[in-house]
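The structure appears right after this line, and notes come after that.
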Amino acid sequence: LMVLDISKNRFYGALPRELFGHPKIERETAPYLKPLVKFDISHNGFNYTIPLNGQSGFYDVELQTETVLKNLQYFDLGYNLFSGTIPNNIGNFASLQGLFLESNRLVGTIPKALYRGSGIGANPLPLVQLFLQNNQLSGTLPSGLANIENLKELYVDGNKLTGTISPNICN
C-alpha cells in the first residue's frame with residue numbers, strides 16, 4: 001500500500017487503532033504502512049487528537065519513534081475536528097513534503113520539530129507545503145521556519161499568532 005486516501009467522506013469519531021495497528025500487540029502490527037507515501041483523511045469528521053503519541057502503528061516500539069512512516073511524503077488531516085497540539089513526532093517523517101493540518105481545532109504553538117526534525121542529528125523536514133491555517137494556534141511565527149529550504153507555500157492565516165515576522169521567512 002502506497003496511498004491511503006479516504007478523504008471527502010462522512011467518517012467521524014476518533015481514528016480507530018485498528019487502522020494503524022497497535023504497538024502493544026506486537027512490534028509491527030501495521031506493516032502495510034511502511035511503503036506509504038500518501039496518507040489523506042481530509043474533509044471528514046475525525047476528532048480527538050492526532051494519533052502520533054506512541055499509541056499507534058506509526059510508532060516503532062524498538063526505536064521509540066514514529067519511524068514506520070519514514071517514506072511518507074504527503075500527510076493530510078485537514079478539514080476535520082482534531083484538537084490538541086501538533087505532535088512533535090511529525091518531525092520524524094524525514095521525507096515529508098506536504099503537511100496539511102488546516103481547518104481543525106489545533107491549539108498551542110508551531111512545534112520546533114517541523115523546522116528542526118526530531119531525534120539526534122535531525123535535519124529540517126523537506127517540506128514544500130505547510131498548511132496550518134484556520135486553527136487556534138498561538139505564540140509567534142517561528143523564525144526557524146526559514147530553515148526549511150524547499151518551503152514554497154506557508155499558510156498560517158486564521159490563527160491567534162502574535163509578535164513580529166522574521167524577515168528570514170520571506171527569503
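Could you tell me the accessible area of K8 in Å² (1.4 Å probe, neighbours in place), rounded to the nearest ten?
150 Å²
Could you pull out every one of the lysines with an alpha carbon less than 29 Å from that of K112, ignoring same-chain neighbours closer than 8 positions?
Excluding near neighbours in sequence, the set is K24, K34, K38, K70, K152, K160.
Starting from the amide H of G108, placed 1.01 Å from N in the peptide plane, find each other amide H under 5 Å away whose residue is 5 or more places distant or on another chain.
Distant-sequence amide H within range of G108: S138.
If you take the Cα Rg of region 81-163 and divide it by 2.2 N^0.38 Å, with N the number of residues, what do you get?
Scaled against compact globular proteins, the figure is 1.00.
In a shell of Cβ-Cβ distance under 10 Å around K38, excluding K38 itself, what net charge do Lys and Arg (+1) and Asp and Glu (-1) give?
Neighbour charge sum, excluding K38 itself: -3.
Per-residue accessible area for S166 at 1.4 Å probe radius, Å² rounded to 10?
Probe radius 1.4 Å; accessible area of S166 about 20 Å².
The values are calculated or read from the model by the stated rules, or taken from the named source; none is laboratory data. Values in this document were obtained by computation on a predicted structure and should not be read as measured data. Every residue, glycine as well, gets a Cβ built from its backbone with ideal geometry; the counts of neighbours run over all protein chains shown. Side chains are part of the model used for accessible areas, which takes the heavy atoms of the whole protein and leaves out ligands, DNA and RNA. Shrake-Rupley method; radii C 1.70, N 1.55, O 1.52, S 1.80 Å.
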